[in-house]
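The values are calculated or read from the model by the stated rules, or taken from the named source; none is laboratory data. Quick caveat, the model's predicted, so the values are computed rather than measured. Every residue, glycine as well, gets a Cβ built from its backbone with ideal geometry; the counts of neighbours run over all protein chains shown. All accessible areas refer to the heavy atoms of the entire protein, side chains included, with ligands and DNA or RNA removed. Shrake-Rupley method; radii C 1.70, N 1.55, O 1.52, S 1.80 Å.
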Amino acid sequence: LLNSGGRGRGGRGGVSNLGGFRGLKDFEQFQAAYYYIGGSPRAYESSNPSQTPVPDGAERGLNYVPQPNDQKLCSTCVGQAVATAAQISLAYALRRPVEQLPVSPLSIYYCAQGGRTCLTGWDIQPALLQLENNPQLLLPKKCFDAANARDTEAELSDWSSTCATAAAGSTKPECKAITKEHPKYKCTYKSLSGFYQIQQAIRRSGAVITRIAMPDDFEVQFNHTKRFTSGLELPPYRFNTSAKVAYAHAAVITGYDNDNFTWMILNSYGRGDAADQTRLRGGVTADGMFKIYMGLAGVGTPEKSYAVLCQPAAGTTDNLHGEESWLQRHRKPVDDDGLPPGIKPEQQCYKYTAVTGDTVADIVDHFDLDIRAFVRKNADVVGELANLTFKWPMTLRAEELASVLRIVTTATEGVAKQAPFFACSYFEASGKEATVECNSVEAAENSACEAKGIVAWFAKESNVTTVDLSHNRLSGGLPVQLAAKWRNIDELLLSNNR
């Protein structure tokens, strides 16, 4: 939760003096992440109809992952990823086959303010900002002549010529009608700051855009023999100590597997079995997908991962009067006669029929609820929560212990069956490990946990000849400054430690 795709202990933008969180808000975010991971599907893939949103009248969901775009030799990966994420998000919102909503990546890339060529490249956040401010860039593929765009790149004296020439390639009336004042679609985006938020966004809108530091052994692990095999059937990309970063790239995450610690990625290198595929040495699979272990190549890095939420613009066929009918279809209001006891008619209530496979996160996301409040208000339904042990990387002073306990007590009130406490390990003079518990929100009552620890014990006991620290989960190096205290030790046992 704290390190896989998240900010890590202490977080960026400030050092945590408490070693794990800086205050109540930090702990509440950690608590929300804990609930979300525990209340979510352990694995999810936007191409799996048994997991994805079900269209009205259907019995199963849809495969919402489109055929991969192919950027060829151009540096248009950001435009490709943004267009793909927008296409998937539209399909999720409308519960419609993704093939019916093709979005032109080159319209986004070439027509954005400032202009760019095949080799210019782009970054994710500026691209999404352009899309949010200029929704007319979100064109169906039929409204943008990609071949014309590439053919006019040599005319660098007028950046707008590439876009204008390509857009003029379509004479369809519905394409001409798309303007900034009257766009076909509208999108918003959000920078994701944590592991659980990435997985939440995948379940809610189908995909997340991420940066990837492409390693130079990618074409080795996915060599030419993999071109005709689905990336979801192949082993994930593995860490290689000798691999170096070859170039910056962007793609979309369409799924995850928390049991095997992998992300599912849709790339923009086309299909491996396509007749015009140019990457013949490797780096591409039959369906353009590949898996990668979490924590590698920068996939899911906070503030380099973005959720995109797109919907039909008001006045278009799918949203004629701006009533967002797709939401009304999936959220059915409860009639006044059907309200549960204690609920007033003026309060907005909706029907929800749970189905096999539903999770707490499904319900929370469906209604845009605060998962912490949901768990607290439905404690009798959710049941007793599992105990959580949070290991501190340092020894805390008594006042710090009290501060942490006050924070945790406040955040878990009404949910926790047991009051929070610290269990602090130390070593007795005989070398035997022992623990002491501290559970007070008053610093003076936590003094028993303050002075204990391996450092204090070694400082006092210089005549011990055998020290057994087996099974103690030690990590890292032993403190160099204590070496002088150990010069009389004949035997130091460290078996079964980390």
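Numbers for the structure displayed
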read-out: Residue match in region 178-195 (condition: within 22 Å of PRO68 (Cα to Cα) and under 17 Å from the mean Cα position of the chain (by Cα)); value: yes
read-out: Residue list for region 414-438, filter: free of Cβ contacts under 8 Å to residues at least 24 places away in the same chain, within 11 Å of ALA448 (Cα to Cα) and open to solvent by less than 80 Å² (accessible area, probe 1.4 Å); value: ALA423, VAL436
read-out: Residues being open to solvent by 30 Å² or more (accessible area, probe 1.4 Å) and in contact (Cβ under 8 Å) with a residue 40 or more places away in the chain - total across region 404-413; value: 1
read-out: Boolean, GLN277 is surrounded by 13 or more Cβ atoms within 10 Å (Cβ to Cβ), under 29 Å from THR120 (Cα atoms) and without any contact (Cβ under 8 Å) to a residue 40 or more places away in the chain; value: no
read-out: Filtered residues of region 228-256 (kept if modelled with pLDDT of 95 or more and buried (at least 17 other Cβ atoms within 10 Å of the Cβ)); value: GLY231, LEU232, PRO236, TYR237, HIS249, ALA250, ALA251, VAL252, ILE253, THR254, GLY255, TYR256
read-out: The lone exception for TYR36 - which of (1) in a loop (DSSP other than H, G, I, E, B); (2) touching a residue at least 60 places away in the same chain (Cβ under 8 Å); (3) crowded, with 19+ Cβ neighbours inside 10 Å it fails; value: (1)
read-out: Region 61-118, residues that are of a type in the set (Val, Ile, Thr) and either farther than 12 Å from CYS310 by Cβ or over 21 Å from the mean Cα position of the chain (by Cα) (or both); value: VAL65, THR76, VAL78, VAL98, VAL103, ILE108, THR117
read-out: Criterion (under 19 Å from MET289 (Cβ atoms) and surrounded by fewer than 24 Cβ atoms within 10 Å (Cβ to Cβ)) met by exactly one of PRO53, PRO68, PRO49; value: PRO49
read-out: Subset of region 71-92 [among the small types (Gly, Ala, Ser) and either surrounded by fewer than 24 Cβ atoms within 10 Å (Cβ to Cβ) or not in a helix (DSSP H, G or I) (or both)]; value: SER75
read-out: Single residue of region 416-444 satisfying the filter (of a type in the set (D, E, K, R) and part of a strand (DSSP E or B)) that is modelled with the highest pLDDT; value: GLU437
read-out: Of all residues in region 362-403 being of a type in the set (Lys, Arg) and in a helix (DSSP H, G or I), the one that is most open to solvent (accessible area, probe 1.4 Å); value: LYS377
read-out: Output for region 273-296, where each listed residue is modelled with pLDDT of 95 or more, of a type outside the set (Asp, Glu) and touching a helix residue (DSSP H, G or I) at 6+ places or on another chain (Cβ under 9 Å); value: VAL284, THR285, ALA286, GLY288, MET289, PHE290, LYS291
read-out: Identity of the residue in region 280-319, touching a residue at least 12 places away in the same chain (Cβ under 8 Å) and hydroxyl-bearing (Ser, Thr, Tyr), that ends up farthest from ASP259 (Cα to Cα); value: THR316
read-out: Region 327-351 - residue that is open to solvent by less than 80 Å² (accessible area, probe 1.4 Å) and closer than 24 Å to ALA58 by Cβ and, of those, modelled with the highest pLDDT; value: TYR350
read-out: Region 222-242, residues that are part of a helix (DSSP H, G or I), touching a Leu at 6+ places or on another chain (Cβ under 9 Å) and over 17 Å from ILE253 (Cβ atoms); value: HIS224, LYS226
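Per-residue answers, yes or no, for (1) at positive phi; (2) among the aliphatic types (A, V, I, L, M); (3) touching a strand residue (DSSP E or B) at 6+ places or on another chain (Cβ under 9 Å):
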| position | (1), (2), (3) |
| --- | --- |
| PRO49 | no, no, no |
| THR52 | no, no, yes |
| ALA58 | no, yes, no |
| VAL82 | no, yes, yes |
| LEU90 | no, yes, yes |
